[in-house]
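**Student:** Take a look at this one; I'll ask things after.
The values are calculated or read from the model by the stated rules, or taken from the named source; none is laboratory data. Keep in mind that this is a model prediction, so the values were computed, not measured. So basically every Cβ, Gly included, is an ideal-geometry build from the backbone, and we count neighbours across all protein chains shown.
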Amino acid sequence: MVATVQVQIDAGIKDTAARLLDDMGLDQAAAIDLFFRQIIFEGKLPFAPAPKGPPAEIGQAIDGLIAAGKMNVVDLDVNEKGEIIIDKDRHPHLYDWAVSG
């Protein structure tokens, strides 16, 4: 069975992403399918915000999801080089993802 997902997104973001995906040989539907599958596999978003932090709009959206209990927060440690240290026992799924990519 196939389902439809409709979203409203900034036109510039959509166009830029579509061009980049095209360069990778993917269409938007395939990319969204891969994104959703990775969320299911990891049980969370398949990426971490950039070290500088996300743009304000993304940060506000994430804060809203956390406040609504729809997104979990994982506290991670970093070393003196700014590299993330993942405790295999505390976060086995995150550790496996970090090791295997």
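**Student:** Return the total of residues in region 1-52 being assigned to a loop (DSSP other than H, G, I, E, B) and of a type in the set (Asp, Glu). Full working, then the answer.
**Tutor:** Narrowing region 1-52 to residues assigned to a loop (DSSP other than H, G, I, E, B): 1-10, 24-27, 43-52.
Now narrow it down to the ones that are of a type in the set (Asp, Glu): 10, 27.
Selection size over region 1-52: 2.
**Student:** Here's another thing I want to ask about it. If you check Ala61 against the conditions, is it at pLDDT below 90, within 16 Å of the chain's Cα centre (by Cα) and in a helix (DSSP H, G or I)?
**Tutor:** Values: at pLDDT below 90: yes; within 16 Å of the chain's Cα centre (by Cα): yes; in a helix (DSSP H, G or I): yes.
Judged against the criteria, Ala61 is a match.
**Student:** Within region 64-85, restricting attention to residues that are under 29 Å from Val2 (Cα atoms) and modelled with pLDDT under 80, which residue is surrounded by the fewest Cβ atoms within 10 Å (Cβ to Cβ)? Steps first, answer last, please.
**Tutor:** Here is the first cut: in region 64-85, the ones under 29 Å from Val2 (Cα atoms) are 65, 68-72.
Going one step further and asking which of them are modelled with pLDDT under 80, we end up with 71-72.
Working: Met71: 14, Asn72: 10.
Top of the filtered list is Asn72.
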